[in-house]
Structure formats: C-alpha cells, structure tokens
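Readers should treat all values here as calculations from the given coordinates under stated rules, not as data from a laboratory. Worth saying up front: this structure is predicted, and the values here are computed from it rather than measured. Counting neighbours? That spans all protein chains shown, and the Cβs are built from the backbone with ideal geometry, glycine included.
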Amino acid sequence: MSHNVAIDGPAGAGKSTIAKQIARRLGYIYVDTGAMYRAMAYYLIQNQVDAADQEAIAAACQHADISICYQDGEQVVLLNGENVNAYLRTEAVGNMASVSSVVPEVRKKLVELQQKLARETDVVMDGRDIGTVVLPDADVKVYLTASVETRAKRRFLELQEKGEPADLAKIAADIEDRDYRDMHRDISPLRQAEDATLVDSSDMTIDQVVERILELCR
Ligand code: CDP
Ligand code: CDP
C-alpha cells in the first residue's frame, strides 16, 4: 500500500512550497493538482472556450489529455503530449482554472488521474479537495492556511522579485474572489476535512511549517 500525505488550503497559503519540501524529506513524489487544473484552463483559453459556458467547457475538456512526468525532480504537466509548465503560472490561467474547475467533467477526469497516481506511488499531493474527495484515506491530512493579507503580500513579493508589475490591493482582491469561488462551489468546495490538522502559517516561516507537518507524519 502506498503512503499518502494530503495538503489542502487556499491560494497562496504555501501549499506547493511546503509540499515539495515534505516530499523531498520523506522521499515521496510531489503532486501539484493545481497545475493540472491550470493546464486544463490553459487548453480552454487556447481554444477560446467561453469561461461562462459550462457546457462548452464540459465538451472541450474531453479533448485535453493531461498527464504528468518528472524531470530533474520537478513535476512536468503534459497537455496532449506537450510540456506546458511555462504557461501555467499567470493570473489569467489561475482565474480560468478557478472558474473551469467547477465543471463536473473537468473534476472527474483530473480526480481519476490523481487517484491513480496515489495508488501507484507514495505521494504528497496538494490542492483543494485532496483530503475530502481525492484521498479520503490519506495517512496524514493538513489544512494549510494564512490570512488574506499575508497571502497577498507573499504573492506581491514573488512578482517583485521576478521584476513583474504588482498591485497589492488587486492581488488581495483576486485572492478573496478566488477563495470565495473555491469555498462556495457545489462540487468539491475547499473546506477542512474533519480529520485534517489545521496549520495557520500567517506567522510561521517555511521551515517551521515543514517541521510541523513532518511531526504529523512521524
Ligand atoms: O497556486 P494557487 O493556490 O493559486 O492555485 P492552484 O493550486 O494552482 O489552483 C488553481 C485553481 O485550480 C484553484 O483556484 C482551484 O479552483 C482549482 N483547483 C481545484 O479546484 N482543485 C484542486 N485540487 C486544485 C486546484
Ligand atoms: O501553493 P500555494 O498557492 O498555496 O502557495 P505557494 O506558491 O507555495 O506560496 C506562496 C508564496 O508564499 C511563496 O513565495 C512562498 O515562498 C511563500 N511562503 C512564505 O513566505 N511563508 C510560508 N510559511 C509559506 C510560503
């Protein structure tokens, strides 16, 4: 039986940063499910599918074959065989991912892929519904969060470091919108699983969060 660690939480809570380090420390594979929803969103944008048209999204998603592989320890998302990692981290793709991920056909397809990966290998998987829907029997479940202000500031610093223009108030507003959509959708809303441990990283360093979660894994 494979071992699974599930990390859920809102945008910018630190899930991917933390999950990557936990995976390395445990010798597990890190699975970024957000990147899969982003790859689907990228496909929809490329094919000019209307974000408001759920039927069109449901039909279009059937033509997007998404899989992952690893290069130098990094997860690579393949969309119809092509590495699309470089296109996934934009706000436009993030917003489309948040809108298209409410479509049941999109979720069904990606959840099946995630469950297959977790059956085959020891994984640290992060997302929104990992502890609640994808891996309800995960060995360790964490709900990682932080205040909107903290998360917006982290994103702001990331953009500044990359030399990209950033508007703190706009980032915070986008985060609030995304939180609302992720928490209030009918299908697989973001919520803490009953058996998940809450970790609020607002006043914690990355190392402190990693150590806290490793304690839970021991
Ligand atoms: O990095 P960030 O937290 O901003 O977002 P992400 O994890 O890359 O996910 C992008 C979007 O995909 C989220 O806003 C969610 O709506 C959706 N998503 C989801 O519905 N379920 C997951 N397991 C992961 C992501
Ligand atoms: O995956 P998610 O959207 O939850 O967040 P992330 O992309 O891993 O983290 C967002 C930013 O917050 C990154 O720049 C991290 O380095 C930073 N971070 C932090 O400053 N302190 C923490 N305790 C966790 C993350």
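Within a 10 angstrom radius of the beta carbon, how do LYS109, LYS162, LYS141, LYS170 rank from fewest other beta carbons to most? Please list the in-between numbers first.
Values: LYS109 17, LYS162 9, LYS141 23, LYS170 12.
Going from sparsest to densest Cβ surroundings: LYS162, LYS170, LYS109, LYS141.
Length gain on complete extension for the stretch LYS108 to SER202, per 0.36 nm per residue less the alpha carbon to alpha carbon distance? The partial results should precede the final answer.
Numbers: separation 94, 0.36 × 94 = 33.84 nm, distance 3.27 nm.
Length difference between fully extended and current span is 30.6 nm.
Highest GNM mean-square fluctuation among MET40, MET125, MET204, for the chain modelled with Cα contacts below 10 Å: MET204.
As a test, work out the antiparallel percent of DSSP beta bridges whose residues both lie in the chain, rounded to the nearest 5. Present the calculation step by step, with values, prior to reporting the outcome.
Working: 8 of 25 bridges.
Approximately 30 percent, going by the DSSP bridge assignments.
Taking LEU26, LEU78, LEU159 in turn, the Gaussian network model of the chain (Cα-Cα springs below 10 Å) assigns the largest fluctuation to LEU159. Residue exposure proxy: CYS69, CYS217, ordered by other Cβ atoms within 10 angstrom of their Cβ from fewest to most, comes out as CYS69, CYS217. Taking +1 at the Cβ of each Lys and Arg and -1 at the Cβ of each Asp and Glu, which of MET40, LEU79, GLN114 sits farthest along the dipole of region 34-120 towards its positive end, judged by Cα position relative to the Cα centre? So the residue furthest toward the plus end is GLN114.
Using 0.36 nm per residue, how much length does the chain from ARG218 to ALA169 gain when fully extended, once their Cα-Cα distance is taken away? Walk me through the intermediate numbers first.
Values: separation 49, 0.36 × 49 = 17.64 nm, distance 3.99 nm.
Extending this stretch completely gives an extra 13.7 nm.
Under a Gaussian network description of the chain, with springs only between Cα atoms under 10 Å, the residue in GLY14, GLY81, GLY127 that fluctuates furthest is GLY81.
Calculate, in nm to one decimal, what GLU55 and ARG25 gain on full extension: separation in residues at 0.36 nm each, minus their alpha carbon distance. Please report the intermediate quantities before stating the final value.
Working: separation 30, 0.36 × 30 = 10.80 nm, distance 4.25 nm.
Stretched out fully, the GLU55 to ARG25 stretch lengthens by 6.5 nm.
Assuming R0 = 41 Å, can you tell me the calculated FRET efficiency for the pair CYS69 and ASP186, based on Cβ-Cβ distance, to the nearest 0.05? Could the numbers behind the result be given before it?
Working: r = 33 Å, r/R0 = 0.80.
After rounding, the FRET efficiency stands at 0.80.
The distance linking region 168-210 with region 93-125 is 17 Å (Cα centroid to Cα centroid, whole angstrom). For region 34-120, the dipole from Cβ point charges (+1 on Lys and Arg, -1 on Asp and Glu) about the Cα centre works out to 240 debye, to the nearest 20. Seen from a random direction on average, the alpha-carbon convex hull of the chain projects onto 11.6 square nanometres. Taking the fewest neighbouring Cβ atoms within 10 Å as the starting point, the ordered list for ASP174, ASP8 is ASP174, ASP8.
Working note: 222 nm ellipticity from helices only, DSSP H runs with n ≥ 4, each -39,500 (n - 2.57), summed and divided by the residues of the chain, gives -15000 deg cm²/dmol to the nearest 500.
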